[in-house]
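Any read-out appearing in this document is the output of simple, stated calculations on the displayed coordinates, not a laboratory observation. Values in this document were obtained by computation on a predicted structure and should not be read as measured data. Backbone-built Cβ (ideal geometry, glycine too); neighbour counts: all protein chains shown.
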Amino acid sequence: MGYFEESHLRARRRQSAWNLLLIPAVLVCWLGLTTAVLLGATWLHGVVYPGQSLRGARGLGPILATVAPLLGCAAPGFVVSNWLVHLVGPVRRTLDREAETYPGTGYASSQSKLLKIAAVLATGGILIAGVGSLLPW
């Protein structure tokens, strides 16, 4: 069975409205982490190049400093949002019940897989943003 068939099966099992809580949680966590990394990259750039700012910046540096955190913080945002949603008792019980009949889709298993992906993406995103912040804007 291919990826798309498996994703269709996973989507069909999600019957609870509690699943919709994941959408704002992911957006807030993802964008929050992205903003934190972008602010760090902007601060680093200001230390290296006093007087330059992201406003009106041109070239490869600002592209790397802004796009890399956006991509690199996606999986960490998923990890944090899953954890936050998991803290809510009724949501946790409902989602755990939905995952019982699908091995490997429970909270612990999903978080473990996401953490591995997040470690690679976050590290790469932060490093690339750092490189972008060290280039002149």
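A few comments on the model shown:
- Among 44, 20, 64: highest mean-square fluctuation, GNM of the chain, C-alpha pairs under 10 Å: 20
- The alpha carbon centroids of the stretch 24-59 and the stretch 99-121 are separated by 29 Å.
- For the chain, the longest principal axis of the C-alpha atoms and the axis of helix 3-13 are separated by about 60°.
- Highest-first arrangement of 27-35, 55-63, 75-83, where packing means the average Cβ count within 10 Å: 75-83, 27-35, 55-63
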